[in-house]
Amino acid sequence: MDFRTEVRTWLRSHLPDVPDPRTWERELGQAGWIGIGWPGDDGETYGNRRATLGEQVIWAEEYARSKAPARMGHIGENLLAPTLITYGTEEQKRRHLPPVARGEALWCQGYSEPGAGSDLAGIRTTATPDGTGAYAVTGQKIWTSLAQDADFCFVLARTDPRSTRHHGLSFLLLDMDQPGRIEVRPIRQLTGTSEFNEVFFDGARATETVGGEGNGWRVAMGLLALERGVSTLAQQIGFAEELDRVVAAAVASGAAEDPVIRARLVRQWAELDTMRRHALRTLGTTGDPGAPSVAKLLWGGWHQRLGELAVQVAGEAGAAGPEPWTARRPYELTPAQHLFLFSRADTIYGGSDEIQRNIIAERVLGLPREPR
């Protein structure tokens, strides 16, 4: 049985009875599907099984195609783990990676703050040595996905109180189970859901640094580069399905007969194909500082334009709510409206387009820094 067939067979047999998200993570771990391809010493692996880069891509793509649920363990598997493999000590790898691979340890990311989102170098959260070899972390993080469920958090904090901008930062690891020291507040959105959280640290104890004290900026930037690896290809599977739905809607409504609409649909397809080729060309490369920024610029704007096209194809119905509207049936978004509204944030979160262009200009093209 080849690898793709093995993946499809396992997903087909397990998805009909998907348990709650946390149990699903453990089931994935027990079956060996978390942390595939994490390298180790002497033929070992920190994850569940050895896998080539191509097999990692196959797993990510087939998982997306199968309509499997969103992963609670995404941050630990796809962000923390590659970072520890690149910058962590052997002790840190052996301590933290196996629980992630078993689906037992969930992580969240403490980067953005009020006033320091895309401009990450402006963070104010502090970490002060507490005399025991650990740090007392004080400050606020925002837009923290999965913080309400996470067991651990990696936090970018300022360990040198005299430092400014990207100097004097450290990449810290801490336990989220610290009552009285950590408070998580879900952010209720206009949709009624709470995908993000505010996290308040009041002397929370962080016991480890990754990459050494003061090297947090280098580690944090390395993590962002790793973030847009294999998972980008899986993301594009979802984009392709969204595009297929927009095309089908255009054909059904007759909008595809409009040469302007038809040209835009073709352009969306061509740009998506270009994104995939770019992702494959840069997959596994960490030495190109511009590759992650180019990828973010490509898909953020593409997804927004697709949302705009989806509403345009829907015509007048794209601006209307369900009929009839009653108090018992509040306003609900159609798929086209959902795509349009939620994609507005794509050019902001994860580093705004302006920040990505600055990175490309300064670090790749060698242009002068933007005046501040």
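The values are calculated or read from the model by the stated rules, or taken from the named source; none is laboratory data. All values reported here derive from a predicted model rather than from experimental measurement. Virtual Cβ from ideal backbone geometry, glycine too; neighbours counted across all protein chains shown. We work out accessible area using only protein heavy atoms, side chains counted, and drop any ligands, DNA or RNA first. Shrake-Rupley method; radii C 1.70, N 1.55, O 1.52, S 1.80 Å.
Some points to look at:
So that you can scan it fast, the table gives a plain yes or no per residue for (1) open to solvent by 60 Å² or more (accessible area, probe 1.4 Å); (2) touching a Gly at 6+ places or on another chain (Cβ under 8 Å):
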position	(1), (2)
GLN148	yes, no
ASP160	no, yes
GLY168	no, yes
ASP175	yes, no
VAL184	no, no
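Residue-wise test of (1) modelled with pLDDT of 90 or more; (2) closer than 21 Å to LEU283 by Cα; (3) among the hydroxyl-bearing types (Ser, Thr, Tyr); (4) touching a Lys or Arg at 6+ places or on another chain (Cβ under 8 Å).
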position: ARG12; (1), (2), (3), (4): yes, no, no, no
position: ASP17; (1), (2), (3), (4): no, no, no, no
position: ASP20; (1), (2), (3), (4): no, no, no, no
position: GLU25; (1), (2), (3), (4): yes, no, no, yes
position: ALA64; (1), (2), (3), (4): no, yes, no, no
position: GLY88; (1), (2), (3), (4): yes, no, no, no
position: PRO99; (1), (2), (3), (4): yes, no, no, no
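- Flag for ILE75 being buried (at least 19 other Cβ atoms within 10 Å of the Cβ), within 19 Å of the chain's Cα centre (by Cα) and within 24 Å of ASN215 (Cβ to Cβ): yes
- In the stretch 122-132, the condition of being hydrophobic (A, V, I, L, M, F, W, C) and assigned to a loop (DSSP other than H, G, I, E, B) is met by at least one residue.
- The residues on offer are GLY290, GLY366, and the sole one that is at pLDDT below 85 and either over 19 Å from LEU272 (Cβ atoms) or open to solvent by 40 Å² or more (accessible area, probe 1.4 Å) (or both) is GLY290.
- One residue stands out in the stretch 354-363 among those that are closer than 18 Å to TYR111 by Cβ and in contact (Cβ under 8 Å) with a residue 40 or more places away in the chain: the one that is most open to solvent (accessible area, probe 1.4 Å), namely GLU354.
- Subset tally (residues that are closer than 16 Å to ASP20 by Cβ and either aromatic (Phe, Trp, Tyr) or buried (at least 20 other Cβ atoms within 10 Å of the Cβ) (or both)) for the stretch 57-70: 0
- Consider the stretch 241-261 and keep the residues that are under 18 Å from HIS303 (Cα atoms) and of a type outside the set (Gly, Ala, Ser). The one that is most open to solvent (accessible area, probe 1.4 Å) is ARG245.
- Only a single criterion out of (1) modelled with pLDDT under 85; (2) over 20 Å from the mean Cα position of the chain (by Cα) is not satisfied by VAL247, namely (1).
- ARG262 vs. criteria in a helix (DSSP H, G or I) and at pLDDT 90 or above: yes
- Hey, GLU183 over 23 Å from GLU90 (Cα atoms), charged (D, E, K, R), in contact with a Phe, Trp or Tyr (Cβ under 7 Å, 6 or more places away or on another chain) and modelled with pLDDT of 90 or more or not: yes
- Matching residues, the stretch 186-204, being free of Cβ contacts under 8 Å to residues at least 12 places away in the same chain and open to solvent by 80 Å² or more (accessible area, probe 1.4 Å): ARG188, LEU190
- Note on the stretch 182-207: among residues that are small (Gly, Ala, Ser) and part of a loop (DSSP other than H, G, I, E, B), the one that is nearest to LEU146 (Cα to Cα) is SER194.
- Residue selected from the stretch 1-35 under the condition basic (Lys, Arg) and in contact with a Gly (Cβ under 9 Å, 6 or more places away or on another chain), by the criterion least open to solvent (accessible area, probe 1.4 Å): ARG22
- Check on THR138, of a type in the set (Val, Ile, Thr), modelled with pLDDT of 85 or more and surrounded by fewer than 17 Cβ atoms within 10 Å (Cβ to Cβ): no
- For the residues ALA121, ALA105, the requirement of being open to solvent by less than 40 Å² (accessible area, probe 1.4 Å) and modelled with pLDDT of 90 or more singles out ALA105.
- Selection within the stretch 135-181 - in contact (Cβ under 8 Å) with a residue 24 or more places away in the chain, part of a loop (DSSP other than H, G, I, E, B) and among the basic types (Lys, Arg): ARG165, ARG181
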